[in-house]
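Below is one structure, written out as structure tokens; comments come after it.
The values are calculated or read from the model by the stated rules, or taken from the named source; none is laboratory data. Here the structure is a predicted model, which means the values were calculated and not measured. As a convention, Cβ positions derive from the backbone with ideal geometry for all residues, glycine included, and neighbour counts pool all protein chains shown. Keep in mind that these areas ignore ligands, DNA and RNA; they rest on the heavy atoms of the full protein, side chains included. Shrake-Rupley method; radii C 1.70, N 1.55, O 1.52, S 1.80 Å.
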Amino acid sequence: MQKKLTIAIDGFSSCGKSTLAKALANKLDYVFIDTGAMYRAVAYYCLQKGFISNQHLNKEEIVNSLNEIEIHFEKNDVTRKLDVFLNDLNIESKIRTLEISELVSKIASIKEVRQKLVAEQQKMGIKGGVVMDGRDIGSVVFPSAELKFFVTASPEIRTERRFLELKPTEPEITKEEVKKNLVERDHLDSTRAESPLIQVDDAILIDNSNLNQEEQLELALKYVQERLI
Ligand code: DC
């Protein structure tokens with residue numbers, strides 16, 4: 001039987017990490033885990049409970065409520081993608097909003113939140129045959145992953161892609177708002193004290209500014225084949 005790799009994909013916000021991770025998992029018949037969705041689920045929970053807003057963050061309440069948060073993924077038979085569940089409620093359609101994007105980096109900078117989610121991610125990927133995307137997968141979650149990618153694209157391209165993604169559900173949104181959020185999140189995610197976003201030495205850099213999805217997948221698959229020999 002062919003061996004099953006652990007593939008770690010890290011990179012900046014809206015750079016196409018999840019698109020690549022999903023496509024790779026599909027092609028290889030591996031499990032895809034979007035760790036950003038897990039941080040978004042915690043942010044959604046904290047927003048519902050009033051522990052966080054644009055103006056405040058109550059770290060004590062957040063940390064004390066972490067054992068009440070259960071997150072898992074289930075396959076959606078219609079979209080054939082994995083939906084994220086928070087305490088058995090499907091919140092997939094609620095976590096990609098600009099409101100959650102504006103709060104999630106603050107939640108992701110809390111040490112206790114990261115400890116909980118990293119432990120769960122390590123459990124989910126323990127058997128290999130997994131493609132996991134996030135900010136700390138190659139550095140903290142699976143430092144010994146057989147294959148690591150660091151994905152990037154120019155801020156303009158990332159803004160355009162994210163804008164087109166959000167526009168159908170948030171018609172009032174402007175490109176300026178989207179760009180501001182991306183730049184702020186990149187800054188917070190790369191400068192936080194707890195496992196900041198870094199490109200680890202053994203990660204392969206993919207700049208997909210001038211690649212379409214098929215080209216990006218083809219490139220990544222070449223590296224997969226090398227590791228499988
Ligand atoms: O991948 P995303 O944009 O959905 O992630 C949402 C936020 O969660 C992002 O701003 C940083 C944080 N995050 C993280 O700190 N570590 C991860 N492994 C994944 C996401």
Inset, instruction - Mind listing whichever residues of the stretch 142-167 are crowded, with 24+ Cβ neighbours inside 10 Å and assigned to a helix (DSSP H, G or I)? - result: Arg158
Inset, instruction - Mind listing just one residue for me: the one in the stretch 109-126 that is in a loop (DSSP other than H, G, I, E, B) and open to solvent by 40 Å² or more (accessible area, probe 1.4 Å) and, of those, nearest to the ligand (Cβ to nearest atom)? - result: Ser109
Inset, instruction - Out of the residues in the stretch 64-102 that are part of a loop (DSSP other than H, G, I, E, B), of a type outside the set (S, T, N, Q) and farther than 15 Å from Val42 by Cα, state the one that is nearest to the ligand (Cβ to nearest atom). - result: Lys81
Inset, instruction - Filter the stretch 21-36 for residues that are over 13 Å from Arg80 (Cα atoms), part of a helix (DSSP H, G or I) and either open to solvent by 30 Å² or more (accessible area, probe 1.4 Å) or not small (Gly, Ala, Ser) (or both) and give the result. - result: Leu24, Lys27, Leu28, Thr35
Legend entry - Selection from the stretch 186-205 of residues that are within 16 Å of the ligand (Cβ to nearest atom) and of a type outside the set (D, E, K, R): His187, Leu188, Ser190, Thr191, Ala193, Ser195, Pro196, Leu197, Ile198, Gln199, Val200, Ala203
Inset, instruction - Evaluate the following for Ser139: is it part of a helix (DSSP H, G or I) and in contact with a Ser or Thr (Cβ under 8 Å, 6 or more places away or on another chain)? - result: yes
Legend entry - All positions within the stretch 1-51 that are in contact with a strand residue (DSSP E or B) (Cβ under 9 Å, 6 or more places away or on another chain), of a type in the set (Lys, Arg) and more than 14 Å from the ligand (Cβ to nearest atom): Lys4
Legend entry - Yes/no for Ile100 being more than 30 Å from Met1 (Cβ to Cβ) and either open to solvent by less than 70 Å² (accessible area, probe 1.4 Å) or in contact with a strand residue (DSSP E or B) (Cβ under 8 Å, 6 or more places away or on another chain) (or both): yes
Legend entry - Whichever residue in the stretch 127-140 is near the ligand (Cβ under 10 Å from one of its atoms) and among the β-branched types (Val, Ile, Thr) and, among such residues, is nearest to the chain's Cα centre (by Cα): Ile137
Legend entry - In the stretch 175-185, residue nearest to the ligand (Cβ to nearest atom) [restricted to those that are hydrophobic (A, V, I, L, M, F, W, C) and within 12 Å of Leu98 (Cβ to Cβ)]: Leu182
